[in-house]
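Notes to accompany the following structure.
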Amino acid sequence: MGKEVLVTGGLGFIGAETTLALMKEGYDPVIVDSLVNSKIRNLGALESLSGRKIPFYQGDVRDESLMERIFQKHAFEAVLHFAALKAVGESVGKPVLYYENNLGCTLSVLREMERHGVSRILFSSSATVYGDSEDLPFREDSPVREATNPYGETKVMNERMLRDYVIAHPETEVVSLRYFNPVGADPSGLLGEDPNGIPNNLFPIINQVALGLRPGIAIYGDDYETEDGTCIRDYLHVVDLAEGHVAALSHSKGPGFHVFNLGTGRGTSVLSVIRAYEKATGRKIPYTIAGRRPGDIAMSYADPSRAEEELGWKARLSLEDAARDAYRFATKVLKEEK
Ligand code: NAD
Ligand code: UFG
């Protein structure tokens, strides 16, 4: 008897790495992805890395007839729900698109779970739900605040929808995983972060500088109240993050709504990230200091102890590992593409 799980958004950055980790642990992932922010070559990479064929459905998670077909064909023991749009800046200009997509996908998944009696779901939430608080590190019982942008608000609202679902379906186990800053790439260099369009996040931009596609990076502010004035984040290797999902799946918490931070517990400044990247790759990353980016908070890092105690999961890879792997992906895949 196989262990089929549905992975929505499974060709994206985190979904693809998690699919690989799931296969290593004996799960049988089935992927649905519209490719709105990912490339079909990730399926080939997953199949060649795992040596297995993966059932893949190209389409929109909000497409009821597609989802109905998928749930009829497979007997899922759980859903890992990654599919969402995630560009914070874009969400400010396109709130309708973001609310429609990010709430619509979750509603569609829940409707099918309800119809087909699937009672476990892992949801991709974000540290953004803690908002701009100075009470650090963020713990799972820290207050959830109104977000400063529609993307962040979709995470707050999704968590609310999932809580309400559990009230109506008390046999359901919902695990909301609040990721801090996922970075790095698969150590093979075949899977990594490759957003369609111009990247907004720190690592993909540094990668472009390392490849010579940009002259340098602008650091958004060096006047924060931090050790060197640049913002502090909790950067987590995507391989660790993928393993966090497998840990959550294999350590069932039973019915209810459960929340776990997935982070390292370490805060690193933007300047320290650049230094670590230079050290790990031998590439020079020129930078300039620009003004603050609207909406950025000075510091964000996790208290990851609940995940360690209850899931037996702990991040084990370093920022240098992440830099080395991200650069390998950049030279193997991104460079070929440009
Ligand atoms: P990604 O964009 O690489 O992956 C998301 C995938 O979902 C993409 O392959 C995209 O094509 C797909 N998708 C989006 N809307 C869809 C739809 N309507 N139907 C079918 N497929 C659809 O992003 P990621 O970094 O892998 O993020 C995965 C999840 O983790 C998202 O929910 C994101 O909000 C969340 N998250 C990401 C970060 C981060 O910094 N990367 C941080 C916290 C939370
Ligand atoms: N940064 C720069 N220059 C750049 C890009 C980023 O200095 O060109 C800085 C940012 O100011 C920030 C840090 O690098 O201090 C990290 O920025 P990212 O955009 O990579 O990540 P954020 O922490 O801003 O955003 C992440 C996720 C979002 C999520 C948010 C809050 O990407 O999905 O955390 O949890 F909403």
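Just so it is clear, none of the values below were taken in a lab; they were calculated from the coordinates. Computed from a predicted structure; not experimentally measured. Every residue, glycine as well, gets a Cβ built from its backbone with ideal geometry; the counts of neighbours run over all protein chains shown.
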| message | At 0.36 nm per residue, and after removing the present C-alpha to C-alpha distance, how many nm does the segment from residue 296 to residue 64 gain when stretched out fully? | response | 79.9 nm
| Whole-Hz Karplus ³J(HN,Hα) for region 219-232, in order, using 6.51 cos²θ - 1.76 cosθ + 1.60 and θ = phi - 60°, x for Gly and Pro? | 7, 7, x, 10, 10, 7, 7, 9, 4, 10, x, 9, 5, 10
| message | Compute the distance from the alpha-carbon center of region 90-141 to that of region 1-66, in whole Å. | response | 19
| Subset of 86/279; 284/332; 73/94; 53/155; 3/335; 314/335 violating a 25 Å alpha-carbon distance limit | 86/279; 73/94; 53/155; 3/335; 314/335
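Does region 268-332 classify as rounded, prolate or oblate by the C-alpha gyration tensor (a ≥ b ≥ c root eigenvalues; a/c under 1.5 gives rounded; else a/b over b/c gives prolate, otherwise oblate)?
Cα axes put region 268-332 in the oblate bin.
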| request: Please list, in chain and number order, the residues 5+ apart from residue 119 or on another chain whose amide H is under 5 Å from its amide H, with Hs placed from the backbone. | output: none
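Write down the Kirkwood hydrodynamic radius of the chain, to one decimal in angstroms, obtained as one divided by the mean of 1/r over all alpha carbon pairs.
20.2
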| request: At 7 Å along the Cα-to-beta-carbon direction for both residue 114 and residue 228, put a label point, then send me their distance in nm to one decimal. | output: 5.1
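What's the FRET efficiency of residue 139 with residue 4 using the Cβ-Cβ distance as r and R₀ = 41 Å, to the nearest 0.05?
So the FRET efficiency works out to roughly 0.75.
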| said: I'd like the antiparallel share, as a percent to the nearest 5, of DSSP beta bridges with both residues in the chain. | reply: 5
| request: Express in nm, to one decimal, how much length is gained between residue 35 and residue 305 on full extension, taking 0.36 nm for each residue of separation and deducting their alpha carbon distance. | output: 93.7 nm
| What helices does the chain have that are whole DSSP H segments, at least 24 Å long along their own axis by Cα, and with mean Kyte-Doolittle hydropathy of -0.5 or more? | 95-116
| message | Using Cα-Cα distances under 8 Å and only pairs 6 or more residues apart, what relative contact order does region 176-270 have, in percent? | response | 42
| query | Can you list the residues, at least 5 places off or on another chain, whose amide H is less than 5 Å from the amide H of residue 219, using H built in the peptide plane? | reply | 288, 289, 290
| At a Förster distance of 45 Å, what's the computed FRET efficiency of residue 275 paired with residue 47, Cβ-Cβ distance as r, to 0.05? | 0.75
| request: With only Lys, Arg, Asp and Glu charged, each at its Cβ (+1 for the first two, -1 for the last two), find how big the charge dipole of region 191-245 is about the Cα centre; round to the nearest 20 debye. | output: 360
| said: When a/c reaches 1.5 or more, the comparison of a/b and b/c decides; with that in mind, is region 221-327 rounded, prolate or oblate per its Cα gyration tensor? | reply: oblate
| remark: For region 86-142, shape from the Cα gyration tensor axes a ≥ b ≥ c, cut at a/c of 1.5 then a/b versus b/c, turns out oblate
